[in-house]
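First up is the structure itself, then whatever we jot down about it.
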Amino acid sequence: MSLARDRVTVPDLIRSKARLRGLETKAEAASAIAEARILTRRLNARSTAAALCRDSLAKADKQLAAGNYGAAASFALRAQETASRALAAPSRP
């Protein structure tokens with residue numbers, strides 16, 4: 001049995017998560033992206049969390065443009081979760 005064949009990739013997980021959530025509309029995906037952008041702006045622009053959020057948002061924008069609203073919403077939700085965790089973490093002196 002090949003280990004490479006058994007590995008699940010991030011895009012596969014995103015697609016599966018989107019399918020489980022059901023079909024998203026363009027408006028729902030755009031709303032999730034907007035909320036993620038607001039949270040991301042509250043982060044230190046040079047932080048690792050901000051970079052991860054920007055990456056997820058870029059992927060969300062690409063999926064939205066391609067009409068893959070479920071995947072776009074999933075990437076936006078990932079950015080929201082990352083930003084929320086970073087904002088909730090105690091700040092370092």
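For the stretch 76-81, in order, what is each residue's ³J(HN,Hα) by Karplus, 6.51 cos²θ - 1.76 cosθ + 1.60 with θ = phi - 60°, in whole Hz (x at glycine and Pro)?
In residue order, the calculated couplings are 5, 5, 4, 5, 4, 4 Hz.
Just the accessible area for Arg85, please: 1.4 Å probe, Å², rounded to the nearest 10?
Roughly 150 Å² of Arg85 is accessible to a 1.4 Å probe.
Would you rank Leu52, Leu39 by solvent-accessible area, highest first, keeping every protein chain in place and using a 1.4 Å probe?
My answer, sorted largest first, is Leu52, Leu39.
The values are calculated or read from the model by the stated rules, or taken from the named source; none is laboratory data. The structure presented is a predicted model; accordingly, all values stated were derived computationally and were not measured. For accessibility, only protein heavy atoms count, side chains too; no ligands or nucleic acids. Shrake-Rupley method; radii C 1.70, N 1.55, O 1.52, S 1.80 Å.
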